[in-house]
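I'd like to ask some things about the structure below.
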Amino acid sequence: MGVISTTEATAHEIQNNSGLIIRVTGGDPTRVAPMARELIEHNVDILVPLSPAAVQATTSLTSTIPILAFDLETDPIGSGLVKSLARPGGNVTGVFFDGKAIYTPPR
């Protein structure tokens, strides 16, 4: 869409041409893939998964729709989601934090 102006025409275009579709699994991991499939069938412009299971589901179902992932448990390179941090390739970007690699609780 490019740069967003504050003109009335642009505001009208944004209001008529954009939407937000939210799906919540209620903690049931069996609902993740069907919900991701449903969003892909809606031909959305971008997917924003917010958990490791949702990131895995969306990346396994599409290689063309951009994915802005928020995964605070997975190493994106080790899991194969991206090729490297410098050149991720593919359609996945986002915020990843592999806490296990940084912090191990004392025993």
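Checking the condition at pLDDT below 90 and either surrounded by 11 or more Cβ atoms within 10 Å (Cβ to Cβ) or polar (S, T, N, Q) (or both), which residue from PRO106, PRO66, PRO76 passes? I'd like the intermediate steps shown before the answer.
Values: PRO106 fails: either surrounded by 11 or more Cβ atoms within 10 Å (Cβ to Cβ) or polar (S, T, N, Q) (or both); PRO66 fails: at pLDDT below 90.
It is PRO76.
ILE40: more than 20 Å from PHE97 (Cα to Cα) and modelled with pLDDT under 90, yes or no?
Values: more than 20 Å from PHE97 (Cα to Cα): yes; modelled with pLDDT under 90: no.
Criteria not met by ILE40.
Being part of a loop (DSSP other than H, G, I, E, B) and surrounded by fewer than 16 Cβ atoms within 10 Å (Cβ to Cβ) is the filter here, so list the residues in the stretch 26-49 that pass it.
Going through the stretch 26-49, the residues part of a loop (DSSP other than H, G, I, E, B) turn out to be 26-28, 42-46, 48-49.
Answer for the stretch 26-49, where residues must be part of a loop (DSSP other than H, G, I, E, B) and surrounded by fewer than 16 Cβ atoms within 10 Å (Cβ to Cβ): GLY26, GLY27, ASP28, HIS42, ASN43, ASP45, ILE46.
Return yes or no: is ILE46 within 9 Å of the chain's Cα centre (by Cα), modelled with pLDDT of 90 or more and of a type in the set (A, V, I, L, M, F, W, C)? Working first, answer last.
Values: within 9 Å of the chain's Cα centre (by Cα): yes; modelled with pLDDT of 90 or more: yes; of a type in the set (A, V, I, L, M, F, W, C): yes.
So ILE46 passes the test.
This table checks each residue for (1) assigned to a loop (DSSP other than H, G, I, E, B); (2) modelled with pLDDT of 90 or more; (3) of a type in the set (Val, Ile, Thr).
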position: GLN56; (1), (2), (3): no, yes, no
position: ARG87; (1), (2), (3): yes, no, no
position: GLY94; (1), (2), (3): no, no, no
position: LYS100; (1), (2), (3): no, no, no
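The values are calculated or read from the model by the stated rules, or taken from the named source; none is laboratory data. From a predicted model like this one, the values you see are computed outputs, not experimental measurements. When we count neighbours, we look across all protein chains shown, and the Cβ atoms used for this are built from the backbone with ideal geometry, even at glycine.
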